[in-house]
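Reading through the structure tokens given below for one structure.
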Amino acid sequence: MQNKTHGYLFALAAVTIFAMQDGFTKYLGTHYPPILVTMIRFWAFAVFVSIMASAQPGGIRRVMVTRHPFLQSIRGVLLVAEIAMAVFAFAHAGLAMSQAILQSTPLLVTLLSVPFLGEKVGWRRATAVVVGLCGVLIILNPTGLHFDLTLLLPLAAALMFAAYSVATRAVSRDDSAMTSVFYAGVMGALAISLVGPLYWVPIRPSDWFFMGALCVTGALSHYCLIRAYGILEAVEVQPISYLQLVFSVVMAVMLFGETLTINMVIGAVIVVGAGLYTVFREYHLNQRRKRAAIEAPVAET
């Protein structure tokens with residue numbers, strides 16, 4: 001029970017720090033090129049994961065061993081592209097609106113896991129996905145008079161992160177979590193460094209504090225999340241992760257003067273509800289498979 005408590009505390013800390021990170025991202029993304037902000041953030045992230053890898057038994061050399069070098073590299077590119085898109089979304093579509101749409105990621109993961117991982121999705125989870133995507137449409141309000149194409153930015157970010165998550169599931173069958181985190185950070189930093197310098201602009205001395213805070217919160221949030229997943233199962237972490245939406249919305253309204261609309265609130269509730277259902281349903285199905293695998297040899301004897 002004590003370990004579980006520590007796990008929940010790490011998960012809550014991760015969500016809180018992620019929300020703070022979103023605030024720094026929103027501010028910097030409206031003052032500097034999003035690709036530049038993403039590049040500096042990933043430089044810090046690459047240093048962080050390299051330090052963590054060096055502290056593992058066997059050091060970085062052992063952590064780098066993977067059976068999926070190409071897929072691991074693609075993961076890093078997908079993650080850095082998703083974060084760059086999220087920075088664009090926070091700056092142009094708004095922090096609250098973007099976070100509401102990004103909550104659809106678990107639904108998109110369920111959808112993509114069918115063709116790419118060969119997973120089977122029953123009618124219950126399929127219905128939840130359809131309902132959740134309807135919630136996204138309510139948030140976007142495409143038939144409204146004020147529909148803005150910038151709302152497609154967070155939707156694109158959600159799709160990218162879903163693809164990254166599916167790829168992570170694929171490599172996790174053979175590679176350790178530390179290996180996956182290392183490749184995501186280092187390959188992402190290398191990829192963004194190919195284009196990031198083209199967007200370099202002088203950063204005001206006063207804004208280096210916010211840039212440093214973004215890098216620190218990025219490292220701390222991932223550390224806390226890694227610790228949380230080391231103690232808890234994904235089904236126990238996911239409900240807490242939705243608090244990031246609440247924290248980000250409060251921050252968006254109080255600090256950035258954003259306005260909530262009724263369609264945003266209703267759609268977000270539908271998306272979160274559908275996402276929670278898919279996560280818990282998948283958990284119960286996995287538990288059922290595990291019990292069946294254990295009972296099968298006993299039945300044969």
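Some observations on this one:
- Residue in region 128-146 that is at pLDDT 90 or above, buried (at least 16 other Cβ atoms within 10 Å of the Cβ) and touching a His at 6+ places or on another chain (Cβ under 7 Å) present: no
- Verdict on residue 195 being over 16 Å from the mean Cα position of the chain (by Cα) and in contact (Cβ under 8 Å) with a residue 40 or more places away in the chain: yes
- Inter-residue pairs, beta-carbon under 9 Å, first among the charged types (D, E, K, R) and in region 205-234, second surrounded by 16 or more Cβ atoms within 10 Å (Cβ to Cβ) and part of a helix (DSSP H, G or I), 6+ apart: 207/27; 207/28; 227/7; 227/10; 227/11; 227/13; 227/14
- The lone exception for residue 81 - which of (1) out of contact with any Gly (no Cβ under 9 Å at 6 or more places or on another chain); (2) closer than 27 Å to residue 38 by Cβ it fails: (1)
- Residues of region 69-115 that turn out to be assigned to a loop (DSSP other than H, G, I, E, B) and not polar (S, T, N, Q), as a count: 2
- Restricting 228, 293 to those that are among the small types (Gly, Ala, Ser), surrounded by 14 or more Cβ atoms within 10 Å (Cβ to Cβ) and closer than 27 Å to residue 7 by Cβ reduces the list to 228.
- Test for residue 186: is it within 21 Å of residue 38 (Cα to Cα), of a type in the set (A, V, I, L, M, F, W, C), touching a residue at least 24 places away in the same chain (Cβ under 8 Å) and in a loop (DSSP other than H, G, I, E, B): no
- Wholly enclosed helices (runs of 4 or more DSSP H) of region 191-301 bearing at least 2 residues in contact with a Gly (Cβ under 7 Å, 6 or more places away or on another chain): 208-231, 243-256, 262-300
Residue by residue, here is whether (1) closer than 25 Å to residue 238 by Cα; (2) under 24 Å from the mean Cα position of the chain (by Cα) holds:
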site: 258; (1), (2): no, yes
site: 272; (1), (2): yes, yes
site: 280; (1), (2): yes, yes
site: 289; (1), (2): yes, no
site: 293; (1), (2): no, no
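- Taken over region 170-200, residues that are farther than 24 Å from residue 112 by Cα and hydroxyl-bearing (Ser, Thr, Tyr) amount to 2.
- Qualifying residue in region 52-61 (condition: buried (at least 24 other Cβ atoms within 10 Å of the Cβ), aliphatic (A, V, I, L, M), part of a helix (DSSP H, G or I) and in contact (Cβ under 8 Å) with a residue 60 or more places away in the chain): no
- Residue count for region 89-121 under the criterion of being more than 12 Å from the chain's Cα centre (by Cα), under 25 Å from residue 255 (Cα atoms), buried (at least 22 other Cβ atoms within 10 Å of the Cβ) and not aliphatic (A, V, I, L, M): the result is 3.
- Filtered residues of region 170-213 (kept if under 19 Å from residue 69 (Cβ atoms) and out of contact with any helix residue (DSSP H, G or I) (no Cβ under 9 Å at 6 or more places or on another chain)): 173, 174, 194
- Per this entry, residue 48 is counted among residues that are farther than 30 Å from residue 254 by Cα and among the aromatic types (Phe, Trp, Tyr).
The values are calculated or read from the model by the stated rules, or taken from the named source; none is laboratory data. Since the structure is predicted, the reported quantities are computational estimates derived from the model, not experimental observations. Please note: Cβ atoms are built from the backbone with ideal geometry, for glycine as well, and neighbour counts cover all protein chains shown.
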